[in-house]
1. I need the trypsin sites (Lys or Arg not before Pro) found in segment B:56-116, filtered to DSSP loop residues with at most 10 other beta carbons within 10 Å of theirs.
2. Keeping the other protein chains in place, figure out the carbon and sulfur percent of the accessible area of segment A:27-107, with a 1.4 Å probe.
3. Got the relative contact order for segment A:11-92 handy, in percent, Cα pairs under 8 Å and 6 or more residues apart?
4. Using a label position 7 Å from Cα in the Cα→Cβ direction, what is the ascending list of nm distances from B:Thr18 to the same site in the other copies?
5. Counting only helical runs of four or more DSSP H residues, what would the 222 nm mean residue ellipticity of chain B come to if each run contributes -39,500 (n - 2.57) and the total is spread over all its residues?
6. Whole-Hz Karplus ³J(HN,Hα) for segment B:89-96, in order, using 6.51 cos²θ - 1.76 cosθ + 1.60 and θ = phi - 60°, x for Gly and Pro?
7. Can you count the Lys pairs in the protein assembly as shown with C-alpha separation below 20 Å, eight or more apart or on different chains?
8. Roughly speaking, what % of Cα-Cα pairs in chain B are separated by over 17 Å, rounded to a whole number?
There are 2 protein chains.
Amino acid sequence: MRIPILKLHNYLLISIQTEIDDQTAIQFQEDLLEKIHKTDASGVVIDLTSVEIIDSFIAKVLGDVVSMSDLMGARVVLTGIQPAVAMTLIDLGIHLQKVPTALDLEQGLLKLHQELGG
Amino acid sequence: MRIPILKLHNYLLISIQTEIDDQTAIQFQEDLLEKIHKTDASGVVIDLTSVEIIDSFIAKVLGDVVSMSDLMGARVVLTGIQPAVAMTLIDLGIHLQKVPTALDLEQGLLKLHQELGG
C-alpha cells in the first residue's frame with residue numbers, strides 16, 4: 001500500500017488514516033521526498049488525526065521525514081496529533097520542536113500560509 | 001487498504017493513486033458516503049490522475065459513488081481522468097453526463113466552488 005500525496009497549489013497534503021507498517025512508512029518517506037522534488041512544493045501538511053498509536057519505528061520515520069523535507073526546503077506542519085502519539089514521540093526523544101502543529105487540515109494549511117508569509 | 005478521505009472546509013478530497021481492487025473500491029464507497037453524512041460535506045473531488053486503467057467493476061462502483069453522493073446532497077467533481085479510463089467509462093455506458101470534470105485538484109476545487117455558487 002502507498003499513502004496518497006495530494007498536491008494543492010504549492011502544498012502537499014497527506015492524511016494518514018490507517019495503521020501503517022514499516023514498509024509503508026519507508027515507501028511514504030521516499031514518495032514524499034520525491035514528490036517535493038518533482039512539484040517544488042514549499043509546504044507539507046501531514047494529518048495524523050486518525051492515527052491512534054504509533055510504534056517507535058514509525059515515530060522515527062516521521063521525525064526523519066520532517067527533517068528531510070526541511071532540508072529540501074519544504075516546511076512541514078503536523079496536524080491532529082493524538083495524545084498517545086504525542087506521548088510516544090516525546091518518550092522516544094523525538095521532540096519536533098521546530099515543527100508547527102495544528103488541530104486539523106484547514107488550520108494546518110493556514111499555519112503553513114502564515115509560516116511561509118504567503 | 002482504505003483510501004484516505006481528506007476534509008477541507010466543506011469539501012472532501014480523495015486522490016486515488018494506486019490500482020484498487022474490488023474490496024478496496026467497495027470499502028471506499030462505504031467510507032465516502034459515511035464521511036459525507038458525518039461531515040455534512042457539500043462537495044467531493046475525486047482525483048484520478050494516477051489511475052491509468054480501470055476494470056468494469058471499479059468503473060461501475062465509481063459511477064455509483066457519484067450518483068449516491070449526489071443523492072446525499074454532495075456534488076462530485078472528477079479530476080484527472082486519463083484516456084484509457086475515459087474509454088472504459090464510455091464503453092461501459094457510464095456516461096457521468098452531469099458530472100463536472102477538471103484537470104487537477106485545484107481546478108476541481110474551483111469548479112466545485114463555482115457549481116455550488118460559493
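The values are calculated or read from the model by the stated rules, or taken from the named source; none is laboratory data. Bear in mind that the values here come from a model prediction, so they are computed numbers and not experimental data. When we count neighbours, we look across all protein chains shown, and the Cβ atoms used for this are built from the backbone with ideal geometry, even at glycine. Accessible surface areas use protein heavy atoms only, side chains included; no ligands, DNA or RNA. Shrake-Rupley method; radii C 1.70, N 1.55, O 1.52, S 1.80 Å.
1. B:Lys98
2. 54
3. Answer for segment A:11-92 is 38 percent.
4. Distances between equivalent label points, in nm: 0.5.
5. About -14500 deg cm²/dmol.
6. Working through the residues one at a time gives 4, 5, 4, 8, x, 8, 8, 6 Hz.
7. So the count works out to 13.
8. So the portion of pairs separated by more than 17 Å is 50 percent.
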